[in-house]
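Peer 1: Once you've had a glance at the structure underneath, I'll fire off some questions.
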Amino acid sequence: MASIIELENIQKSYYLGKQELKVLKGISLGIFKNEYVALMGPSGSGKSTLMNILGCLDSPTAGRYILNGEDVSKMPDDDLADVRNKEIGFVFQQFNLLPRLTAAENVALPLIYNGTAKKVRTEQALEMLDKVGLADRSHHKPNELSGGQNQRVAIARALVNNPSIILADEPTGNLDSKTSVEIMHIFDKIQADGNTVILVTHEEDIAEYAHRIIRLRDGIIESDHLNEKKAVTV
């Protein structure tokens, strides 16, 4: 099976004046295509910093990050932005939808950045909304939708570029338990359709949807194991 992500001794430090704050202290791991991975850890463990590096939102202080065969660890910001738009679909806890745009217009946003023609953008946006069960809400704006529906719109937007990886940061953090289950079933389907899914969460019951669980503590990997419950049922 081919690796889509290879991290080699990833380190990240921030500086407060002359004081160095080491957040990641040497993270090495591989993630394969079509894996479903949960990243867990308490506040301050480094999981958000690691997610930002995986999502090409930040660069490591040291180490190598190979994404789909390309070393992105030393790329300038403009090149990182191109990789991000092409390779990674983001789903955030806060949805991050533009309030004045309809669901379809929000989903189509990533396609504007890569120059897709308007007619094609609209077709692809509607196709993705249909995939998450929201075809009948395409003309609604975020304030006309429930929290769960807004998260579905955000997932459709993450999928519209056909990215290599879906990176979901606490995707059920603002949702009730019933809606959370519905959203996690969508991620199950996304992974079953062939996408690589990386889920960042502090909730044990949400992490249990993943096939592999990586736990961070104090900037290092504390444990990395397959989810035996999923291995039996999938």
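The values are calculated or read from the model by the stated rules, or taken from the named source; none is laboratory data. Please read all numbers here as calculations on a predicted model, not as lab measurements. Virtual Cβ from ideal backbone geometry, glycine too; neighbours counted across all protein chains shown.
Peer 1: Here are Glu87, Glu35: which of them is in contact with a His (Cβ under 8 Å, 6 or more places away or on another chain) and within 18 Å of Val200 (Cβ to Cβ)? First the steps, then the outcome.
Peer 2: On the way: Glu87 fails: in contact with a His (Cβ under 8 Å, 6 or more places away or on another chain).
Residue meeting the stated conditions: Glu35.
Peer 1: Which of the strands (runs of 3 or more DSSP E) contained wholly in the stretch 12-91 include at least 3 residues that are surrounded by fewer than 17 Cβ atoms within 10 Å (Cβ to Cβ), touching a residue at least 40 places away in the same chain (Cβ under 8 Å) and not hydrophobic (A, V, I, L, M, F, W, C)? Break it down stepwise before answering.
Peer 2: Values: elements: 19-32, 36-40, 62-67.
Correct list: 19-32.
Peer 1: Follow-up question, since we're still on this one. Please specify each residue of the stretch 1-11 satisfying the condition of being over 18 Å from the mean Cα position of the chain (by Cα) and not in a loop (DSSP other than H, G, I, E, B).
Peer 2: Within the stretch 1-11, Glu8, Asn9, Ile10, Gln11 meet the criteria.
Peer 1: If you don't mind, there's one more thing I want to ask. Inside the stretch 62-85, can you point out the residues that are touching a Pro at 6+ places or on another chain (Cβ under 7 Å) and either modelled with pLDDT under 90 or over 20 Å from Glu8 (Cβ atoms) (or both)?
Peer 2: Scanning the stretch 62-85 gives a single hit, Asn85.
Peer 1: Now a separate question. Sort out which residues of the stretch 92-111 are surrounded by fewer than 20 Cβ atoms within 10 Å (Cβ to Cβ) and within 20 Å of the chain's Cα centre (by Cα), and write them in order of number.
Peer 2: Phe92, Gln93, Gln94, Asn96, Leu98, Leu109 - these are the residues of the stretch 92-111 that are surrounded by fewer than 20 Cβ atoms within 10 Å (Cβ to Cβ) and within 20 Å of the chain's Cα centre (by Cα).
Peer 1: Would the stretch 161-175 turn up any residue that is of a type in the set (D, E, K, R) and either buried (at least 23 other Cβ atoms within 10 Å of the Cβ) or over 28 Å from Tyr113 (Cβ atoms) (or both)?
Peer 2: No: zero hits.
Peer 1: Taking the criterion of being among the charged types (D, E, K, R), assigned to a loop (DSSP other than H, G, I, E, B) and in contact with a helix residue (DSSP H, G or I) (Cβ under 8 Å, 6 or more places away or on another chain), would at least one residue in the stretch 96-113 satisfy it?
Peer 2: Checked against the condition, which is being among the charged types (D, E, K, R), assigned to a loop (DSSP other than H, G, I, E, B) and in contact with a helix residue (DSSP H, G or I) (Cβ under 8 Å, 6 or more places away or on another chain), the stretch 96-113 yields no hits at all.
Peer 1: I'd like to check something: does the stretch 27-44 contain any residue that is at pLDDT below 90 and polar (S, T, N, Q)?
Peer 2: Yes, that holds for at least one residue.
Peer 1: So Ser59 ticks every box in (1) under 24 Å from Val160 (Cβ atoms); (2) under 17 Å from the mean Cα position of the chain (by Cα); (3) at pLDDT below 95 but one. Which box is left unticked?
Peer 2: The failed condition is (1).
Peer 1: Return the residues of the stretch 1-23 that are in contact with a helix residue (DSSP H, G or I) (Cβ under 6 Å, 6 or more places away or on another chain) and among the hydrophobic types (A, V, I, L, M, F, W, C); say none if nothing qualifies.
Peer 2: Within the stretch 1-23, Val23 is the sole residue that qualifies.
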